[in-house]
Structure formats: C-alpha cells, structure tokens
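The values are calculated or read from the model by the stated rules, or taken from the named source; none is laboratory data. Computed from a predicted structure; not experimentally measured. Because the Cβ atoms are built from the backbone with ideal geometry, glycine has one as well, and the counts that use them run over all protein chains shown.
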Amino acid sequence: MFLLIVHFLYADFRPFNTGEKLVFSVEYGPVKAGTATMEISEITMIDSIPCFHIVSTERTNSFFSKIFKIDDRYDSYIDTVNLHSLRFEKHIREGRYKNDQVVEFKQDIGKAFYSNGEEFPIEPGAKDIIASIYFARTLALEVGKSFFINNHTDKKNYNLEIKVLKKENVETHAGEFDCLMVQLIVEDGTVFASKGGLIIWLTDDMWKIPVLMRFKILKIGSFQAKLKEAYFE
C-alpha cells in the first residue's frame, strides 16, 4: 500500500509551482551585462482551463545597454495538468529590433491564432519555447538519451529535441550544484537564433532547477545566465 501511495503522489508531482522565481546574472564573457528572470507568477484561467502564468525577462544593465540594449519579456500560459501551451506572448527589444507577438493555442482544434489574424495548424500538445523548458523539468532525464517535444514557435512546428549530454558540477552565484547538461535543438539546429541551440544545466534532483544557461544572440555573440537568487513559496 505504501508503494502505491508514493507512486500516486509522484505521478501528480510537479517540480515547480507558483511562487518560484529564479534570478540570473547575464554575462557576456567577463562582463556582467544584465539580469534575467524566470517566474511562475500565478495560476489564472484561459478558456476555463487553469494555467500557470510564467514570465521570463532579459534586460541589459545601463553599462551594457550603451553597447547593445536588450529588454525582452515572454509570457507563457500553460495548462497546469497537461503542461501544453494555451497562450504565448513575446515583446522583444534588442538594439533597433522590435517584435511583439501574441499567440493563442487552441489545443482542442489543433490551431494557433496570431494577433495579426494569421492562423496555423499545431501538433497535439504543442508548446512554446518557455513551456518546453518547464516541461523538460518533469522528464526522467538520463545521460545519453533524447526526448522530443511538439513545439510551435514563430508560425512553425518543430520537433524539439531535449538532448541530455552529461552530468557536470557547476558553480553559480547561488552556489555549486550537481547538474544534468541538456541541449535544446530543432531540425535545422536553431533555437533563439542560436547555432547549436540553447544549453541548460538543470539540477540533478527531483526539482531540475535551471541554474546556468548558455545561448547566442545574432550579431552580438554568446551569453550565459548564472543563477544568483532563487525564491520559493
């Protein structure tokens, strides 16, 4: 009976919940360029479905903004049960480049509706890129294995691969962590305009908290985001 109860609890377990807020120092080589955050701000309703509202931001500090200013915000709304996307917003400000986009994911009819009036078919359980990162935290990740997620980004459907590269101990501003190093890649090898994809170090435990991320921004180069503070309610 005890084993059955434990299995039932783990089956319903989520390694994240409202109140989780992760704060990262964004660095460009040895230069501290700004701050990034990932926060589950609330549970709200979309089409009568409860969903996690996840807010992710990236902002350069006053010094680096003189070189290249970044002020990005992503809002991802994901079903609290199935963890698929219901709504996605992005507001990008990178140098002179601007992009505002709102996407409504209608999972019941398999379509994504964009704020400019366009609509596109989506695969069952399709996820935006932020939802994909949180969904990856629920997987039983093992070194040498790959997992695939139906992803819809910028009007395209992708087979997003979560590739577990190795175990590694990493040092951050919040301390040292034993981690699983995972790479997020798609068929053409690009995510977030990054050749080779986005690489994330997740804690090697039941929580799989992202503590280090490495990515590229076109025309600028490679950045890394190191965890410096974490809050949990």
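Quick notes on this structure:
- Within the span defined as region 83-97, every residue fails to be in contact (Cβ under 8 Å) with a residue 60 or more places away in the chain, among the hydrophobic types (A, V, I, L, M, F, W, C), out of contact with any Lys or Arg (no Cβ under 8 Å at 6 or more places or on another chain) and under 25 Å from ARG137 (Cα atoms).
- Candidates PHE148, PHE88, PHE113, filtered to the one that is surrounded by 15 or more Cβ atoms within 10 Å (Cβ to Cβ) and within 17 Å of the chain's Cα centre (by Cα): PHE88
- Cβ-Cβ under 6 Å pairs, at least 6 apart or on other chains, region 172-186 side farther than 25 Å from LYS127 by Cβ, far side not in a strand (DSSP E or B): ASP178/ASP204
- Hits in region 65-82 - residues which are without any contact (Cβ under 8 Å) to a residue 60 or more places away in the chain, part of a strand (DSSP E or B) and β-branched (Val, Ile, Thr): ILE78
- Some residue of region 6-27 being surrounded by fewer than 17 Cβ atoms within 10 Å (Cβ to Cβ), basic (Lys, Arg) and either touching a helix residue (DSSP H, G or I) at 6+ places or on another chain (Cβ under 8 Å) or within 27 Å of GLY221 (Cβ to Cβ) (or both): no
- Hey, PHE52 out of contact with any Cys (no Cβ under 9 Å at 6 or more places or on another chain) and either part of a helix (DSSP H, G or I) or at pLDDT 95 or above (or both) or not: yes
- Enumeration of residues in region 15-29 that are in contact with a Lys or Arg (Cβ under 6 Å, 6 or more places away or on another chain) and among the aliphatic types (A, V, I, L, M): VAL23
- Filter pass, LEU86 being closer than 25 Å to SER48 by Cβ and either in a strand (DSSP E or B) or of a type in the set (D, E, K, R) (or both): yes
- Selection from region 110-129 of residues that are in contact with a Gly (Cβ under 9 Å, 6 or more places away or on another chain) and not in a strand (DSSP E or B): ILE122, GLU123, PRO124, ALA126
So that you can scan it fast, the table gives a plain yes or no per residue for (1) in a helix (DSSP H, G or I); (2) of a type in the set (S, T, N, Q); (3) touching a residue at least 12 places away in the same chain (Cβ under 8 Å):
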site	(1), (2), (3)
GLN101	no, yes, yes
TYR134	yes, no, yes
LEU141	no, no, yes
PHE148	no, no, yes
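- Residues of region 58-78 satisfying the condition of being buried (at least 19 other Cβ atoms within 10 Å of the Cβ) and closer than 23 Å to ALA136 by Cα: GLU58, TYR74, SER76, TYR77, ILE78
- Where a residue in region 206-227 is at negative phi and its partner, wherever it lies, is charged (D, E, K, R), with Cβ under 6 Å and at least six apart: LEU212/LYS226; SER222/LYS216; GLN224/GLU27; GLN224/ARG214
- Listed conditions (1) modelled with pLDDT under 95; (2) farther than 22 Å from GLU104 by Cα are all met by THR153, apart from (2).
- Criterion violated by ILE162 - all others in (1) assigned to a loop (DSSP other than H, G, I, E, B); (2) at pLDDT below 95 satisfied: (1)
- Qualifying residues in region 116-140 (those that are aliphatic (A, V, I, L, M) and under 16 Å from the mean Cα position of the chain (by Cα)) - the one farthest from VAL103 (Cα to Cα): LEU139
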